[in-house]
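Trainee: I'd like to ask you about the structure that follows.
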Amino acid sequence: MSASDEPNRLFEEVEKLLVTGRCDEALQKIRAIEKQYVEDADRWKYAILEGKCLTDIGEIEDALKISRKVVEEVKRTSGYDTIAVDALVIVAETLWRLGQLDEGLKAIEDAERIYQTLALHTMQLHIQTHSNVSSQRAALLYHKAEIYRLQGDLGKSLENCQQSLSLFEEVGDKRGIAATLNLHGSVLWGRGDLSKALDYLQRSLTLREEIGNKREIGKSLNNVGTTYYHLGDLDTALAYYQRCLKLQEELGNKFMIAAIINNIGEVHFRKGDLDLALMHYERSLPPLEEIGNNQFTALTLKNLGDVYYRKGNTDRAQDYYQRSLALREEIGNELDISETLFSLLTLALGMDSIEKAQTYLRLMQSINVHEESKIVDQRCRLGEALVLKTSMRARNKAKAEELLEELTEEEIVAHELTVIALLNLCDLLLGELQISGDAEVLREIQANQTKLLEIAENQHSFWLLAETYVLQSKLQLLNLNVKEARRLLTQAQRFANEKGLHRLAARISNEHDALLEELDTWEELAQRQGSLIERTSLARINQQVEHMSKQSIMEDQELVEEPIMLMVLSEGGFLVYSKTFALTAELNERMIGGFLQTVQKFSHEVFLQELDRIKFETYTLLVRSKDPLTFCYVYKGQSYSAQQKLDRFIDDVLSKSVVWDPLLEPAKNGRSLDPDCQATLDDLLSATFVVSTSSKD
């Protein structure tokens, strides 16, 4: 090999290390060899590689300094223009990572001007291979797409992303393809198409696993997890985050470890476990501060503010929000600044500090004047509507309603903003309905509820779906359709439980219990066709809208019921097995007969899983159908803990063939239950309900 070939060989070795994510090893090799060569072209190439390494490991400012120096030197020397493009690619990436989006776009425009100059000197263009030129162009389009995404212009972002992907595929750059698929997924995610976004992100993950770059695999695992998080599939999100955390711990990547711990905290936050969320946020903050990653530190500070806001500690919430704002202002990313300002605005409104809220609104508006971001613009107008909504003046409320209607009819660029707008619009309309009782207002509320449901379904947002089912239930009460209202509550609670939203499920169960207590009142209201004003008041629909807009969390409560009796019935209503938990004077044959008749009366709805509980006098009957048997638990008090116990008992029965098979025999032939099976059932019952039982066969 000639001496002139040696730089190229070493250059290729370093490139291979970068592709597979061995950045530290690549950096060591670069720094060991770059001083050997005095040729400008070689020196600049290695400086560019060093910049790539530093960018990958998160040393962004050093990477920017090196790449800018290359650009300045190359521009003073003719004949190496394409090297300047490589350096400008790094300049653009480091600038948008630092939040300097406009400066990043200027770097890309500078690189594109170089291409135009090269087009006038075709001989220079032919010096570079077609593959290299296409890769450079693809990289510039990629970073342009990233900047447009951060600015909130998702249409332009998607357009550049598609062009970048096409070029990377043309030259067979797998790493570039994987990165662009990942970005494409992020843009689709921002546009609200989470299912399609997930497809692109999964494809990126598969390709990165094929390449073997662990750093980038970790990024994809994180992004897939974040998509599942926003889809509302919190358990799947948690599984991806945990896979990512394990990988980052193997790599020793302190920043990503802290970032993933923060994300795990967000899962617990959405599940409603504020203490567990707080623990993870507090654990992630010190290493982020130590590393000096201000961008993620600011995000974690905002998350801490969110927890304390939900906990009702407004002073601490405000402190964390202010610290987040200070860091974001230092970085200069106005998209992030507007997010924290919006959090401070909503906090101020929650504290009835209207003047403070107006101050934050003015700051948001000053950003919106020069920041070309649809997200910032929507956030700003939503903030204005929320401030106007607090006014006692009719014209201000009318202006708030007008702004909210505009926002709900526009293209969705951030679905959480559209959801907040819809909920606050419903709140205003409910206030009007409670005064006027106008059926036309109710139809407007129902139309907005339909929009909420569409967003929830399109986003696969499990939290929003469950909450919207509850809202639907209350709207059915306004139509005096109590049975459908109960069916929706049953559906909402079952759905929340399936998706791991256990605190939400407990709150929905309490809603259902409260409705059962009010059945007589609703029946009387239906008979005399009470006014919409009466129905709205009794349904407490405004409380549900307020709860959804604030995403309030139910605090842990002692939801312990008083157990009365458990029964297992065959398809024809034959009592296969029963146990009383306490012998009381009130529990007599007439009462037990009433229980049986009540279960039989509602057996069809139970079988179709439309209803899960029935009221009989002062008792609640929780019913589960496991063909051909029906399990019924009779109790007093709250239902949520009762449901958990009954489901656990049924799972135990189904998992043990020595219990389930003998239990089916009496259902088929009407004979008595086998004594051994009965004894086993008694033991299972005692273990599940943790009470002593007395037989009532």
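Trainee: Positive end of the dipole of the chain, charges at C-beta (+1 Lys, Arg; -1 Asp, Glu), about the Cα centre: which of Thr680, Ile508, Gln100 has its Cα farthest in that direction?
Mentor: Thr680
Trainee: If you don't mind, there's one more thing I want to ask. log₁₀ I(q)/I(0) of segment 144-212 at q = 0.25 Å⁻¹, via Debye over equal Cα point scatterers, no solvent, to two decimals?
Mentor: For the requested q values the scattering log ratios are -1.05.
Trainee: Does segment 358-486 classify as rounded, prolate or oblate by the C-alpha gyration tensor (a ≥ b ≥ c root eigenvalues; a/c under 1.5 gives rounded; else a/b over b/c gives prolate, otherwise oblate)?
Mentor: Numbers: a/c = 2.87, a/b = 1.47, b/c = 1.95.
Verdict is oblate for segment 358-486.
Trainee: Between helix 274-291 and the chain, what is the angle of the helix's C-alpha long axis to the longest principal axis, kept within 0 to 90° and rounded to the nearest 10?
Mentor: Between helix and principal axis, roughly 10 degrees.
Trainee: Per DSSP H run of n ≥ 4, the term is -39500 (n - 2.57); total these for the chain, divide by its residue number, and report the mean residue ellipticity at 222 nm rounded to 500 deg cm²/dmol.
Mentor: -25000 deg cm²/dmol
Trainee: Tell me, how many Å apart are the Cα centres for segment 176-236 and for segment 636-662?
Mentor: Centre-to-centre distance over Cα atoms comes out at 39 Å.
Trainee: Also, I was wondering about something else. Treat the count of other C-beta atoms within 10 Å as a stand-in for reagent exposure and order Ile592, Ile533 from fewest to most.
Mentor: Least crowded to most crowded, the residues run Ile533, Ile592.
Trainee: According to the square roots a ≥ b ≥ c of the eigenvalues of the Cα gyration tensor, what is the shape class of segment 414-550, taking rounded for a/c under 1.5, prolate for a/b larger than b/c otherwise, and oblate for the remainder?
Mentor: In terms of gyration-tensor shape, oblate.
Trainee: Now, a different point. Report, to the nearest 10°, how far helix 6-19 tilts away from the longest principal axis of the Cα atoms in the chain, using its own Cα long axis and a range of 0 to 90°.
Mentor: 10 degrees
Trainee: For Arg393 and Met279, what is the calculated FRET efficiency with R₀ set at 45 Å and r taken between the beta-carbons, to the nearest 0.05?
Mentor: Values: r = 45 Å, r/R0 = 0.99.
Efficiency, rounded to the nearest 0.05: 0.50.
Trainee: Let me ask something else about it. Quick check: pseudo-label points 7 Å beyond the Cα along Cα→Cβ at Leu538 and Lys601, how many nm apart are they?
Mentor: Computed distance between label sites Leu538 and Lys601 equals 1.9 nm.
Trainee: Hey, what angle do you get for helix 234-251 against the long axis of the chain, alpha-carbon based, 0 to 90 degrees rounded to 10?
Mentor: Relative to the chain, helix 234-251 is tipped by roughly 40 degrees.
Trainee: Per 0.36 nm of contour for each residue apart, how much would the distance between Gln358 and Asn481 grow if the chain were fully extended, relative to their Cα-Cα spacing?
Mentor: Once the chain is fully extended between Gln358 and Asn481, it gains 40.0 nm.
Trainee: Quick one: of Lys65/Lys550; Lys499/Lys615; Lys144/Lys389; Lys219/Lys645, which pairs are farther than 32 Å apart, Cα to Cα?
Mentor: Exceeds cut-off: Lys65/Lys550; Lys144/Lys389; Lys219/Lys645.
Trainee: In whole percent, what relative contact order does the chain give with Cα contacts below 8 Å and a gap of six or more residues?
Mentor: 7 percent
Trainee: Rg and Dmax in Å for segment 562-695, alpha carbons only: what are they?
Mentor: 13.7, 36
Trainee: How would Cys677, Cys161 line up from fewest to most surrounding beta-carbon atoms within 10 angstrom?
Mentor: Ranked by crowding around the Cβ, least crowded first: Cys677, Cys161.
Trainee: Going by C-beta contacts inside 10 Å, put Leu140, Leu251, Leu231 in order with the fewest on the left.
Mentor: Arranged by neighbour count, lowest to highest, Leu140, Leu251, Leu231 become Leu251, Leu231, Leu140.
Trainee: Under the √(5λ) rule applied to the eigenvalues of the Cα gyration tensor, what semi-axes describe the equivalent ellipsoid of segment 323-427? Give them in Å, descending.
Mentor: 22, 17, 11
Bear in mind these aren't lab numbers, they're just calculated from the coordinates by the rules spelled out. The structure presented is a predicted model; accordingly, all values stated were derived computationally and were not measured. No Cβ is skipped: glycine too gets one built from the backbone with ideal geometry, and neighbour counts run over all protein chains shown.
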